[in-house]
Amino acid sequence: MLKGLDPRLNAEVLYALRAMGHGDVLVIADTNFPADAIARQTAFGELLRMDNLTAAEAVEAVLSVLPLDTFVEDFAGRMEVVGAAEERPAVQIEVQAKIDAAEGRAREMVAVERFAFYEQAKAAYAVIQTGERRFYGCFLLRKGVIPPEA
């Protein structure tokens, strides 16, 4: 264990997060997402796992070390509910709260239609599959920058 790092972050996840650059996208996926097939098409090329965590727990851990992009509207995205694009399942409300807490302000995730989400996920840097069993627990996070100390 290392000081100052969330113990939910395993070595493989930390390696991928560190390797990502500004603007790269990370997918946080639920257990029903075709994570392995999509992960093979990403820049990282293999599936990362945070099996024993909910989507919100995984996002909270990731955002403890990963800054979100402040220059774009699509800094974070959620998979739309099929046939009910405006609906927000509890899992998405929980993840939005973790994003808001990490950002120190409310920043609304963009909604991404299901099949568009799959296509964006294929172009992502990496995919992390969680133990989230609730439907629509799939998210896109765009890495930002850490500014220099004044």
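Read-outs: derived from the displayed coordinates by stated rules, not from any lab. Remember, it's a predicted structure, so these values are computed and weren't measured experimentally. In this analysis, Cβ positions are derived from the backbone assuming ideal geometry, glycine residues included, and neighbour counts consider all displayed protein chains.
Highest GNM mean-square fluctuation among Arg49, Arg107, Arg18, for the chain modelled with Cα contacts below 10 Å: Arg18. Of the chymotrypsin sites (Phe, Trp or Tyr not before Pro) found in the range 104-139, those in coil by DSSP whose Cβ has at most 15 other Cβ atoms within 10 Å are Phe135. Averaging 1/r over every pair of different alpha carbons in the chain and inverting the result gives a Kirkwood radius of 15.2 Å.
Please identify the DSSP H helices in the chain that span no less than 18 Å along the helix axis (Cα) and have a mean Kyte-Doolittle hydropathy of 0.0 or more. Kindly include the intermediate steps, with their values, before the conclusion.
Working: long enough: 90-103 (20 Å, 0.23).
Membrane-span-like by this rule: 90-103.
Restriction of the chymotrypsin sites (Phe, Trp or Tyr not before Pro) in the range 1-110 to DSSP coil positions whose beta-carbon has at most 13 other beta-carbons within 10 angstrom yields Phe71. For the chain, modelled as a GNM whose springs connect Cα atoms under 10 angstrom apart, the maximal fluctuation among Arg105, Arg134, Arg88 occurs at Arg105. Across the range 42-129, the fraction of Cα-Cα pairs farther apart than 17 Å, rounded to a whole number, is 54%. Only helices enter this figure: runs of n ≥ 4 DSSP H residues, each worth -39500 (n - 2.57), summed and divided by the residues of the chain, yield -8500 deg cm²/dmol at 222 nm to the nearest 500. Taking Cα centre as origin and charging only the Cβ of basic (Lys, Arg, +1) and acidic (Asp, Glu, -1) residues, the dipole magnitude of the chain rounds to 280 debye.
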